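Participant: Have a look at this one.
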Amino acid sequence: MTGSLFKGNFWSADILSTIGYDSIIQHLNNGRKNCKEFEDFLKERAAIEERYGRDLLSLSRKKPCGQSEINTLKQALEVFKQQVDSVAQCHIQLAQSLREEARKMEEFREKQKLQRKKTELIMDAVHKQKSLQFKKTMDAKKNYKQKCRDKDEAEQAVNRSANLVNQKQQEKLFVKLATSKTAVEDSDKAYMLHVSTLDKVREEWQSEHIKACEMYEKVRKSLEMCSIQKDIEYFVNQRKTGQIPPAPIMYENFYSPQRNAAPPGKATGPNLARRGPLPIPKSSPDDPDYALVNDYSLLYQ
């Protein structure tokens, strides 16, 4: 279920929008920040434990406690000091364990940082390519429509000049009409070619988007100390952007009766892609969808 959650809920009807991808990347960056905070917390806790352990050790070994006592009371005090020494050793060992967990967290964070950067470079490239090709396609469409209008005007001019006696003017109009027809054919081919290229770019971007979602899911699965299912469902429900990917840009014949009717969901012109920080939804441990961690233990993979 989790696989389809990511691949099926972070689309946008706008072919230029990156809002779904931005939402995932922002959450990854937040996860990196949270890992660093947890890592620093472990290190600070380790330092506290070690200081406390060494202070206890120094107390039990250097500070006298009932040296002049005899027999059973002296033995009891010795056992007491041994217990303090044992507790000190436990705190020092705990400090070492916490530092080891902090080291594992740092390795995990750096590994995910490299993977995230690799994904971001690929996605930024396909986003740029998609936006550039979309602009070229819209320019080609605009040029195609203008050439069609020019041809129509040339035909009308020829029809209006049918009764003119000036043969030279008529010949010029016919030449202009022939030229405009050729221009329409050329612009029509260019427009269709750009539409076809844009569709290939769109499919490549869509494939990379799915890979990015799958990469994010792997990151979440590696954090086994959390309730993965609840965290994923909570994030998807709070931040999902749409369940339908943008439709391909279709070729529109200028002389088709439906040329002025824009099909639902089709992009009709360039639009600025939305990038940048997204609002962070409010949540708290009291939220029923908020993942709780019971019997915590950090598992490193």
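The values are calculated or read from the model by the stated rules, or taken from the named source; none is laboratory data. Given the structure is predicted, the values throughout are model-derived calculations rather than measurements. Using ideal geometry, Cβ is built from the backbone for each residue, glycine included, and neighbour counts are taken over all protein chains shown. All accessible areas refer to the heavy atoms of the entire protein, side chains included, with ligands and DNA or RNA removed. Shrake-Rupley method; radii C 1.70, N 1.55, O 1.52, S 1.80 Å.
Participant: Within the range 133-153, does at least one residue satisfy the condition of being closer than 30 Å to Ile19 by Cβ and among the β-branched types (Val, Ile, Thr)?
Facilitator: yes
Participant: May I pose another question? Take the residues in the range 157-181 that are open to solvent by less than 70 Å² (accessible area, probe 1.4 Å) and touching a residue at least 24 places away in the same chain (Cβ under 8 Å); name whichever of them is nearest to Phe254 (Cα to Cα).
Facilitator: For the range 157-181, the residue satisfying everything is Ser180.
Participant: Then there's this: Tell me whether the range 3-18 contains one or more residues that are open to solvent by 50 Å² or more (accessible area, probe 1.4 Å) and within 30 Å of Lys135 (Cβ to Cβ).
Facilitator: Checked against the condition, which is being open to solvent by 50 Å² or more (accessible area, probe 1.4 Å) and within 30 Å of Lys135 (Cβ to Cβ), the range 3-18 yields at least one hit.
Participant: From the residues in the range 201-260 that are among the polar types (S, T, N, Q), farther than 25 Å from Glu110 by Cα and at pLDDT below 80, which one is nearest to the chain's Cα centre (by Cα)?
Facilitator: Top of the filtered list is Asn260.
Participant: Given the criterion under 30 Å from Asn29 (Cα atoms) and in a helix (DSSP H, G or I), identify the matching residue among Asp124, Asp139, Asp150.
Facilitator: Being under 30 Å from Asn29 (Cα atoms) and in a helix (DSSP H, G or I) holds for just one of Asp124, Asp139, Asp150, which is Asp124.
Participant: Here is a list of conditions, (1) over 30 Å from Met215 (Cα atoms); (2) of a type in the set (A, V, I, L, M, F, W, C); (3) in contact (Cβ under 8 Å) with a residue 24 or more places away in the chain, and Ala76 meets all of them except one; can you say which number that is?
Facilitator: (3)
Participant: Next up: Considering the range 74-132 alone, what residues qualify as being under 22 Å from Asp40 (Cβ atoms) and of a type in the set (Asp, Glu)?
Facilitator: Glu100, Glu101, Glu106, Glu107, Glu110
Participant: Still on this model: What number of residues within the range 3-51 are in contact with an Asp or Glu (Cβ under 6 Å, 6 or more places away or on another chain) and either of a type in the set (S, T, N, Q) or closer than 27 Å to Val87 by Cβ (or both)?
Facilitator: Of the residues in that region, 2 qualify.
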